[in-house]
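What follows is one structure encoded as C-alpha cells, with my remarks underneath.
The values are calculated or read from the model by the stated rules, or taken from the named source; none is laboratory data. Small disclaimer: the values here were computed from a predicted structure and weren't measured. For neighbour counting, all protein chains shown are included, and Cβ atoms are generated from backbone atoms with ideal geometry for every residue, glycine included. Accessible surface areas use protein heavy atoms only, side chains included; no ligands, DNA or RNA. Shrake-Rupley method; radii C 1.70, N 1.55, O 1.52, S 1.80 Å.
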Amino acid sequence: MDNIQLSNVVKEYHLGKVTVPALKNVSLSIDRGEFTVIAGPSGSGKTTLLNLIGCVDVASSGDVVVGGSNTAQLTERELTDLRLHKIGFIFQSFNLIPVLNVYDNVEFPLLLMKDLSKEERRSRVMHFIEKVGLQDHMKHRPNELSGGQRQRVAIARALVTKPRIVLADEPTANLDSVTGQSIIDLMKEINRSEQTTFLFSTHDDNVIRQANRIIKLRDGVIVAES
Amino acid sequence: MRQFFVIAFRNLTSHSGRSLVLGGAIALVTTLVVVMLALTAGIRNRMIENATALSTGHLNVGGFLKISQSSAAPVINRASKLRTLIAETVPEATLVVERVRAYGKIISDENSIMVPMSGIDMAKEETLLGGLALAERGDYIEGDLASDAKPELPGRMMDLAQQGSIVMFASQAKKLKVRVGDTVTISMPTYRNIYNTKDLRVAAILKNLGLISSFTTFINHLDAREVYDLDPDTTGVFQIYLKSIDQVSAVDDRLRKGLSAASYALMEKDANPFWMKFERVAGESWSGQKLDVTDWQDETSFLKWILDIFNALTVALTATLMFIVTVGLVNNMWMSIRERTPEIGTMRALGLQRRGVLVMFLIESCLLAVMSVGAGILIGSGIVGLLNLIDVQISSEAFVMFLMSNSLWLDLQASDLLITFTTLSVLLILGAFIPAYRASKMKPITAINHVN
C-alpha cells in the first residue's frame with residue numbers, strides 16, 4: 001500500500017524578484033515499511049522534499065499524498081494533526097526542547113495527543129527510552145548529553161507517537177562515524193520491529209549503502225532510483 | 001497544559017537575569033501602586049473619621065429657616081417632632097446627636113476669622129469628641145517658646161460643657177494669636193439679620209487635623225442658642241451615625257421619602273456643607289422652613305479635591321509605570337520568541353497547534369506577571385504595615401493639611417489589593433498577547449530554519 005505519493009510536485013522559492021526552483025516535477029511513491037534514503041549533494045532539494053512530505057511546507061504545484069490525505073486540501077489545523085499522528089521527525093541538529101529533560105522531551109508529543117492516560121504515556125515513553133538505551137539519562141537535559149545521545153532522544157521522540165512515517169533530515173551529519181552508524185543501526189532495527197517507514201536524507205555514502213531503496217536527487221530532479 | 005507551565009517556568013529561570021530585572025521592575029511598580037492606594041485610602045478614611053467626629057454625621061438632617069426672603073438661618077423649628085420621626089425612620093442608627101449650627105466671626109484682640117461653628121452638648125458627644133488631641137504650645141505660638149514665659153493653663157476639651165467656652169484648632173488659634181484661657185468674641189447674624197455677639201473663653205486648643213481643622217470650631221450649645229435667640233424646641237442639625245458607611249445611600253433614600261411623606265419641605269440635593277449655602281438660600285424666593293438632607297460626602301465636598309489629586313496622581317503614576325513595564329515585558333517576549341523561534345518550529349512540526357504556541361507564551365508572561373505582581377503586593381503590604389507600625393509623625397503643616405492627620409496612616413484594603421493584582425496582571429498578559437500571537441502565526445518551516 002502506498003504510504004507516501006508525490007505527483008508532479010513543484011516547489012519554488014521567491015527571493016525578491018528571483019524565483020528559485022527547488023523541486024521540478026517530482027513524482028514518487030513510498031510503501032509502508034520501506035527504509036529509503038534520499039541522496040544528493042547540498043542544494044539538490046533533499047530537505048525541501050522531506051519538508052513537503054512532512055507537511056511543514058506546501059508545494060507550489062502537484063499533489064503530495066501522505067497516509068491517504070492530499071496535503072493541499074488540508075487546513076493548517078488538519079496538517080498539524082496529520083504531523084502529530086502520522087509523522088515523526090528527526091532533525092540534523094536534534095532540535096530538542098532545551099528546558100525539558102529526556103523523559104519530558106520524549107513525552108511532549110504524547111501530551112499533544114491528549115487521548116492517552118498517564119499510565120499509557122509513561123509506558124510508551126519508557127519503552128522507547130529503553131529502546132534507544134537512555135534509561136539511565138532520563139532526568140538529564142539536552143545540554144548534559146552527547147550528540148549521539150541527543151539524536152537518540154530525538155529518535156525516541158519521533159517514534160513515541162507510533163507514526164507511520166519517520167522523516168530524518170541528515171540524522172548523522174552532526175555525529176562521528178561510530179555514533180552515526182549506531183543511529184542508523186537503531187533506525188533499521190526499529191524499521192524492522194515496528195514496520196515504520198523511514199525516509200531520510202543524506203550525502204554520506206556509508207549511510208546510503210545501508211538503505212533498502214535509494215532515490216538520488218540533483219537540481220530538484222530525481223536522477224536515479226535503485 | 002502542565003508541560004506548558006513547566007516549559008514557561010524553566011524558560012523564565014533559565015534566563016534568570018532578564019526575568020529578575022523585568023520581574024523586579026513589575027514588582028516595584030506594584031509596590032508603588034499598593035503604597036499609593038493605601039495612602040489614598042488612609043486619607044479618605046481619616047477624612048471620614050475626622051469629618052464624622054468634627055462636622056458631620058454619616059447622614060444629616062439640617063435646614064434653613066427664612067422669615068423673610070433675604071434671610072437664611074441654619075435652624076430647624078419643632079425639633080421634637082422631627083426627632084421622633086428620625087428615630088422611627090432610621091431605627092438602625094447607632095447614634096443621633098443634635099448640634100446648633102452657626103456661621104460667623106471669631107474676633108480676638110489681634111485678628112478675626114470667619115468660621116463655621118458647632119454648638120455642642122458635650123455630655124452627649126464625649127464619645128465623638130473626647131479623643132481629639134490637644135495641641136502643643138509650639139503648634140500655635142509663633143517665635144521662641146523658651147523665651148515665652150507667659151503662663152498658660154493646659155486646656156481641656158471637656159471644659160466645653162461649661163457655658164461661655166470655645167474650643168478651636170491650633171491653626172485658628174495661631175491666626176487669632178490666642179491661647180488657652182484668653183477671651184474671644186463671637187459675632188453672627190441671626191435670622192432677623194441682627195448681629196449678636198458673645199464673649200467666650202478659649203477652653204482648649206486642638207491639634208490640627210488637616211484642612212478640615214480650618215472649617216470647624218466648637219462652642220457650647222447653650223451659647224449658640226443664646227446668640228441665635230433660639231427657643232427650646234429648635235435645633236441646628238440632627239447628625240445620624242450608622243453602623244456602616246455603606247448603609248448611607250439606602251438610609252438617605254428612605255429618610256427623604258419619610259420626611260416628604262410627613263409633609264416636610266425638602267431642599268434640592270446640593271453637595272455642599274451648610275455654611276456654603278447661605279448665599280444661595282438667601283437668594284431664593286421662598287420663606288419658612290425647609291429641611292436639607294446631606295451625607296458626609298456633601299458636608300466635606302470642599303475637601304474632595306485633595307482625594308481627587310491623590311487619585312489622579314495614583315492613576316497617572318500607575319499608567320506611566322505600567323506603560324514602561326508593559327513595553328519591557330513585550331520586549332522581553334520578543335527577545336524570548338526570537339531566541340526560541342527554531343524551538344517553536346520544532347514544536348509545531350511535532351504537532352503543536354497554533355493555539356498551543358499562543359497559550360505557551362501567554363502562560364510564560366502570565367507566570368512572570370502573577371509572580372512579580374504578587375511579590376509587589378507582598379512587599380507593598382509589608383511597607384504599609386511597617387510605616388503604620390513606626391507611626392511616622394508629620395511635622396510639616398502642608399503635609400498635615402493634605403494628609404488630614406498628624407501621623408502618616410496608610411490603609412490597606414483587600415479590595416484595592418485584589419483590583420491591583422487583577423488589573424496589573426491582566427494588562428501585562430494583554431501586553432504579551434501580540435508577540436505571542438505573532439509567534440503562533442509563524443509557519444513551522446520558517447521557524448525551524450530561523451537563524452538567531
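Using each residue's phi in the range B:284-291, evaluate 6.51 cos²θ - 1.76 cosθ + 1.60 at θ = phi - 60° and report the 3J(HN,Hα) Karplus result to the nearest Hz, with x for Gly and Pro.
Taking θ as phi minus 60°, the curve returns 7, 8, 7, 9, x, 10, 9, 9 Hz for the range B:284-291.
So what does A:Cys55 come to for accessible area, using a 1.4 Å probe and Å² rounded to 10?
That residue has around 10 Å² of solvent-accessible surface.
B:Arg256: net charge of surrounding residues, Cβ under 14 Å, Lys/Arg +1, Asp/Glu -1, itself excluded?
Working: positive: B:Arg254, B:Lys257, B:Lys269, B:Lys290; negative: B:Asp252, B:Asp253, B:Glu268, B:Asp270, B:Asp292, B:Asp295, B:Asp298.
Combined, the nearby Lys, Arg, Asp and Glu give -3.
Is there a simple number for the mean count of other chain Cβ atoms within 10 Å of the Cβ of residues in B:350-358, and what is it?
Values: counts 15, 19, 7, 6, 3, 2, 3, 0, 0.
Taking all residues of B:350-358 together, the mean is 6.
Which of B:Leu206, B:Leu242, B:Thr320 sits closest to the plus end of the dipole of the range B:191-332, meaning its Cα is farthest towards the positive end, when Lys and Arg get +1 and Asp and Glu get -1 on the C-beta?
Final value for the positive-end residue is B:Thr320.
For the range B:285-370, what percent of Cα pairs sit more than 22 Å apart? Please report the intermediate quantities before stating the final value.
Values: 2178 of 3655 pairs.
Result: 60 percent of Cα pairs exceed 22 Å.
Apply the Karplus curve 6.51 cos²θ - 1.76 cosθ + 1.60, θ = phi - 60°, to the phi angles in the range B:236-245 and return the couplings in whole Hz, x for Gly and Pro.
Going residue by residue, I get x, 7, 9, 9, 9, 10, 10, 5, 10, 5 Hz, with x marking Gly and Pro.
What figure in square angstrom, to the nearest 10, would you give for the accessible area of B:Phe323 with a 1.4 Å probe?
Per-residue accessible area (B:Phe323): approximately 140 Å².
Using only alpha-carbon positions, what ratio does the radius of gyration of the protein assembly as shown give when scaled by 2.2 N^0.38 Å?
On the way: Rg = 41.6 Å, N = 678, 2.2 N^0.38 = 26.2 Å.
Against the compact-globule rule of thumb, the ratio is 1.59.
Tell me, what is the Rg over Rh of the range B:139-283, with Rh the Kirkwood radius over Cα pairs?
On the way: Rg = 19.1 Å, Rh = 18.4 Å.
Rg/Rh: 1.04.
In straight Cα distance, which aspartates and glutamates are under 17 Å from A:Lys24, not counting same-chain residues fewer than 8 positions off?
Here the aspartates and glutamates satisfying the reach criterion relative to A:Lys24 are A:Glu12, A:Asp57, A:Asp63, A:Asp219, A:Glu225.
If you count, for each residue, the other Cβ atoms within 10 Å and average over each peptide, how do B:96-104, B:420-428, A:60-68 line up from highest to lowest? All intermediate terms of the calculation are to be shown ahead of the outcome.
Values: B:96-104: 22.3, B:420-428: 18.6, A:60-68: 17.0.
Ranking the peptides B:96-104, B:420-428, A:60-68 by packing returns B:96-104, B:420-428, A:60-68.
Return the tail of the calculated pair distribution for the range B:25-110, meaning the percent of Cα-Cα pairs more than 20 Å apart. Don't skip to the end; give the middle numbers.
Working: 2245 of 3655 pairs.
Beyond 20 Å sits 61 percent of the P(r) for the range B:25-110.
How long are the three semi-axes of the equivalent ellipsoid for the range A:143-185, computed from the Cα gyration tensor as the root of 5 times each eigenvalue, in whole Å, largest first?
Working: eigenvalues 68, 32, 13 Å².
Each semi-axis is the square root of five times an eigenvalue, giving 18, 13, 8 Å.
Do any of A:Lys11/B:Lys443; A:Lys118/A:Lys139; A:Lys11/A:Lys46; A:Lys11/A:Lys162; A:Lys86/B:Lys443 go past 21 Å between their Cα atoms, and which? Let's see the in-between values first.
On the way: A:Lys11/B:Lys443 16 Å; A:Lys118/A:Lys139 18 Å; A:Lys11/A:Lys46 12 Å; A:Lys11/A:Lys162 29 Å; A:Lys86/B:Lys443 19 Å.
Beyond 21 Å: A:Lys11/A:Lys162.
To the nearest 10 degrees, how steeply does helix B:414-431 sit against the main Cα axis of chain B, on a 0 to 90 scale?
The answer is roughly 30 degrees.
Would you tally the net charge around A:His137, using a Cβ to Cβ cut-off of less than 15 Å, leaving A:His137 out, and scoring K and R as +1, D and E as -1? Don't skip to the answer; put the middle values down first.
Details: positive: A:Lys131, A:Lys139, A:Arg141, A:Arg150, A:Arg152, A:Arg157; negative: A:Asp104, A:Glu107, A:Glu130, A:Asp136, A:Glu144.
Here the count lands on +1.
For B:Arg2, what charge total do you get from the other residues with a beta carbon under 15 Å from its beta carbon, if Lys and Arg give +1 and Asp and Glu give -1?
Working: positive: A:Lys114, A:Lys118, A:Arg121, A:Arg122, B:Arg10; negative: A:Asp104, A:Glu107, B:Glu364.
Here the charged neighbours net out to +2.
Note the direction-averaged projected area, equal to a quarter of the hull surface, for the Cα convex hull of chain A, in nm².
Values: hull surface 50.7 nm².
For chain A, the mean projected area of the Cα convex hull comes to 12.7 nm².
Largest first, what is the accessible-area ranking of B:Phe278, B:Phe402 with a 1.4 Å probe? Spell out each step's value before the answer.
On the way: B:Phe278 40, B:Phe402 65 Å².
The ordering from most to least exposed comes out as B:Phe402, B:Phe278.
Collect residues whose amide H, placed 1.01 Å from N in the peptide plane, falls under 5 Å from the amide H of B:Gly119; neighbours closer than 5 in sequence don't count.
It is B:Val100, B:Arg101, B:Ala102, B:Ile219, by chain and number.
Using only the Cα atoms, what convex hull volume per residue in Å³ does chain B have?
Working: hull volume 85.1 nm³, N = 452.
Convex hull volume per residue, Cα atoms: 188 Å³.
Using Cα positions and a limit of under 20 Å, work out the lysines in reach of B:Lys290, with same-chain residues fewer than 8 apart set aside.
B:Lys66, B:Lys81, B:Lys257, B:Lys269, B:Lys277
Could you state the per residue volume, in Å³, of the convex hull enclosing the Cα atoms of the range B:232-289? Before the final figure, lay out each step's value.
Values: hull volume 7.6 nm³, N = 58.
That works out to 132 Å³ per residue.
So for chain A, averaging the separation of alpha carbon pairs under 8 Å that are six or more residues apart and normalising by length, what relative contact order in percent results? Numbers along the way, then the final one.
Numbers: 444 pairs, mean separation 67.3, N = 226.
Normalised by residue count, the contact order of chain A is 30 percent.
Compactness ratio of the range A:4-110: Cα Rg over 2.2 N^0.38 Å, N = residue count? Let's see the in-between values first.
Values: Rg = 15.4 Å, N = 107, 2.2 N^0.38 = 13.0 Å.
So the Cα radius of gyration is 1.18 times the expected 2.2 N^0.38 Å.
With the convex hull built on the Cα atoms of the range B:375-452, state its orientation-averaged projected area in nm². Write down the numbers at each step before the final one.
Details: hull surface 36.1 nm².
Mean projected area for the range B:375-452: 9.0 nm², to one decimal.
For the range B:192-235, divide the Cα radius of gyration by the Kirkwood radius and give the resulting Rg/Rh value with two decimals. Spell out each step's value before the answer.
On the way: Rg = 13.3 Å, Rh = 12.7 Å.
Looking at the range B:192-235, the ratio lands at 1.04.
Under the rule of at least 5 residues apart or a separate chain, name every residue whose amide H is placed under 5 Å from the amide H of A:Arg218.
Close amide H contacts, sequence-distant or interchain: A:Val223.
Spelling out what I want: for every residue of the range A:198-209, take phi, set θ = phi - 60°, compute 6.51 cos²θ - 1.76 cosθ + 1.60 (Karplus), and round to whole Hz; glycine and proline get x.
Working through the residues one at a time gives 10, 10, 9, 9, 6, 10, 8, 4, 5, 6, 4, 4 Hz.
Under the Kirkwood approximation applied to all pairs of distinct alpha-carbon atoms, what is the hydrodynamic radius of the range B:1-150 in Å? Walk me through the numbers on the way to the answer.
Numbers: mean 1/r = 0.0449 Å⁻¹.
About 22.3 Å for the range B:1-150.
Highest mean first, how do A:180-188, B:83-91 rank when packing is the count of other Cβ atoms within 10 Å averaged over residues? Spell out each step's value before the answer.
Details: A:180-188: 19.0, B:83-91: 15.1.
Going from most to least packed, we get A:180-188, B:83-91.
Normalise the Debye intensity by I(0) for the range B:63-214, one equal point scatterer per Cα, no solvent, then take log10 at q = 0.14, 0.17 Å⁻¹ and round to two decimals.
-0.80, -1.08
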